[in-house]
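FYI, it's all coordinate maths here, none of it is from the lab. None of these values were measured; they are calculated from a predicted model. Cβ coordinates were reconstructed from backbone atoms using ideal geometry, including for glycine residues, and neighbour counts include every protein chain displayed.
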Amino acid sequence: MYHQIHSGRFRIEDTVVELMGTKPEQLDCVVIGAGVVGLAVARELALVDREVFVIEHETTIGVGNSSRNSEVIHARIYYAPSSLKARLCVEGRDLLYRYCKEQVISHRRCGKLIVATSKQQLLQLEDLEKQANLNGVGDLQRLTPEEVSRMEPGIVCVGALYSPSTGIIDSHGLMLSLQKDVEENGAMMVFRHRVKAGRPVSGRVELSIEDLSAGSTMKIAARTVVNAAGLGAIPMAEGIHSLDSSFIPQQRMAKGNYFRLIGASPVSRLVYPLPVPGGLGVHITIDLAGRVRFGPDVEWINEVEHQVDERRSVDFYESIRSYYPGLADHSLIPDYAGIRPKIVINGETSNDFLISGPHQHRISGLINLFGIESPGLTASLSIAKLVCRITNSD
């Protein structure tokens, strides 16, 4: 059964009672957040005949970090072999390419160069190659400076890795397709509603939900609640009464600024420097229309804000010219920024996802998705499958 739910057309109370024919306190699944991961989770649950509500405080899908990234399909190069990121990235990459082909979502396997600009960085490049091999990335190629120059004449380096399986995607087209799947499989999108708090009650999770349009609040209870709120995931978890704080990491926000290039693209592939603490370095990305962006950098912040400070371009020029010396003066203009929801565990910033379910925190039906940053877009379909397996084992 297909339902299209828009804020203002139905109140959530009416949606639950009239459309599903179920009492509000007896909902099956609630997914908090309609970014790419929340939509992928809702789709996966709906495909196995779970009755799903997606609760989103914005007026539409993908307003947060899902629309503020490089739109890159990653190949699983950077992540520790034992990490969730490594496992879910490679599975997600293959699932995502297949899904894009089946659903005719715009994407391209454009390939990526990771370049070293000094002899010291060649050692880092070797370490990165070893890690990629441990992760099962079998198609990396070592390139000489001459080979790089033949591929991308404007790029200068002392050596590089080439990843042919890295690609780019229309992230908004992906989210629209996921939303279509969600709704056509009977799940419901509820916009302009905010989950304020929750608590475990009789084997379910009771949620207090505010209708942001009407200003009213109601309570519902669900057998499964998936907290896929992105930057809001940790504050959301902190609002769950009886959830031990030891199962909630601290949040550290890394803002990534992007600048757009004026003029034609100097490359036909993605070009990345070596990774830096908190990110992958200021790299060259191209979109499906051939436009070029540079970024993101790493700016540690305490409050959410997305304004790009034009003065940061000074550091951008210096960083980019280390491998693309032909970058012209006054050719960069501020574009947009995203915020990586980094997590801190035992005082250390983690470089992995944290997916915490009932087997960890002992609250039946609750699954928290923490630290879902890059490669979250690539891994979205595999994250969804993992969440579905956790719900089956609860």
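Pick out which of VAL156, VAL30, VAL72 has the largest mean-square fluctuation in a Gaussian network model of the chain, springs linking Cα atoms closer than 10 Å.
Fluctuation is largest for VAL156.
Give me the dipole magnitude in Debye, nearest 20, for region 289-394 about the Cα centre, with unit charges on the beta carbon: positive for Lys and Arg, negative for Asp and Glu.
Working: 10 positive and 14 negative charges, 113 e Å.
In total the dipole reaches around 540 debye.
Relative to the longest principal Cα axis of the chain, at what angle does helix 171-184 sit, 0 to 90 degrees, rounded to 10?
20
Work out the charge dipole of region 185-232 with +1 on the Cβ of Lys and Arg and -1 on the Cβ of Asp and Glu about the Cα centre, then indicate which of GLY230, SER202, SER216 is farthest towards its positive end.
About the Cα centre, the residue reaching furthest to the positive side is SER202.
Need one word for region 165-314: rounded, prolate or oblate. Basis is the Cα gyration tensor (sqrt eigenvalues a ≥ b ≥ c); a/c below 1.5 gives rounded, then a/b vs b/c decides. List each step's numbers first, then the result.
On the way: a/c = 2.48, a/b = 1.77, b/c = 1.40.
Prolate.
In region 79-154, if the dipole is taken from +1 on Lys/Arg beta carbons and -1 on Asp/Glu beta carbons about the Cα centre, which of THR117, SER83, GLY154 is farthest to the positive end?
Selected residue: SER83.
As I understand it, the value is the acute angle between the Cα axis of helix 84-103 and the longest principal axis of the Cα atoms of the chain; what does it come to in degrees, rounded to 10?
In the chain, helix 84-103 runs at an angle near 80 degrees to the longest axis.
Take peptides 210-217, 288-295 and line them up by average Cβ neighbours within 10 Å, highest first, as a rough protection proxy.
On the way: 210-217: 13.6, 288-295: 16.9.
The densest-packed peptide leads the list: 288-295, 210-217.
Which shape class, rounded, prolate or oblate, goes with region 59-136 when its Cα gyration tensor gives a ≥ b ≥ c as root eigenvalues, a/c under 1.5 marks rounded, and past that a/b bigger than b/c marks prolate? It would help to have the intermediate numbers written out before the result.
Values: a/c = 2.02, a/b = 1.78, b/c = 1.14.
Prolate, because a/c is 1.5 or more and a/b exceeds b/c.
Under a Cβ-only charge scheme (Lys and Arg +1, Asp and Glu -1), can you give me the dipole magnitude of region 212-336 about the Cα centre, in debye to the nearest 20? Walk me through the intermediate numbers first.
On the way: 11 positive and 13 negative charges, 87 e Å.
The calculation lands at about 420 debye.
Given the options PRO145, VAL31, SER245, identify the residue whose Cα lies farthest towards the positive end of the charge dipole of the chain (+1 on Cβ of Lys, Arg; -1 on Cβ of Asp, Glu).
PRO145
What net charge is computed for the residues neighbouring GLN124, neighbours being all others with C-beta under 15 Å from the C-beta of GLN124, Lys and Arg scored +1, Asp and Glu -1?
Details: positive: LYS119, LYS130, ARG142; negative: GLU126, ASP127, GLU129.
Its environment carries a net charge of 0.
I'm a student and want to see the number: the projected area of the Cα convex hull of region 261-394, averaged over all directions, in nm².
Taking the Cα atoms of region 261-394, their convex hull projects to 10.5 nm² on average.
Taking the highest mean first, how do the peptides 382-389, 199-206 order by number of other beta carbon atoms within 10 angstrom per residue?
The densest-packed peptide leads the list: 382-389, 199-206.
What is the helix-to-structure angle for 119-134, meaning the angle in degrees between its Cα long axis and the longest Cα principal axis of the chain, kept from 0 to 90 and rounded to the nearest 10?
Approximately 40 degrees, to the nearest 10.
Dipole magnitude of the chain about its Cα centre, charges +1 at Lys/Arg Cβ and -1 at Asp/Glu Cβ only, in debye to the nearest 20? Display every interim value, and only then the final one.
Details: 41 positive and 45 negative charges, 90 e Å.
So the dipole magnitude of the chain works out to roughly 440 debye.
Return the distance in nm (one decimal) between the two label points of a simple spin-label model at HIS330 and ASN133, each offset 7 Å from Cα along Cα→Cβ.
4.9
By per-residue mean of other Cβ atoms within 10 Å, what is the highest-first order of 171-184, 100-113? Walk me through the numbers on the way to the answer.
Working: 171-184: 20.4, 100-113: 16.7.
The most tightly packed comes first, giving 171-184, 100-113.
Under 5 Å between amide H atoms, partner at least 5 residues away or on a different chain: which partners does VAL31 have, H built in plane at 1.01 Å?
Result for VAL31 returns PHE53, VAL54, ILE55, VAL226.
Once amide H atoms are built 1.01 Å from N in the peptide plane, which residues 5 or more positions from ILE339, or in another chain, come under 5 Å H to H?
GLY256
Using 0.36 nm times the number of residues separating LYS196 and SER245, minus their current alpha carbon distance, what extension gain do you get? Could you put the intermediate results ahead of the total?
Details: separation 49, 0.36 × 49 = 17.64 nm, distance 1.74 nm.
Between LYS196 and SER245, full extension yields 15.9 nm more.
Rounded, prolate or oblate: which fits region 207-278, taking a ≥ b ≥ c as square roots of the Cα gyration tensor eigenvalues, rounded meaning a/c under 1.5, else prolate when a/b beats b/c?
Working: a/c = 3.47, a/b = 2.03, b/c = 1.71.
Since a/c reaches 1.5 and a/b is larger than b/c, the shape of region 207-278 is classed as prolate.
Starting at the first residue of region 306-322, write each ³J(HN,Hα) from the Karplus equation 6.51 cos²θ - 1.76 cosθ + 1.60 with θ = phi - 60°, in whole Hz, x for Gly and Pro.
10, 6, 9, 7, 4, 5, 5, 5, 4, 5, 4, 4, 4, 5, 5, 5, 5
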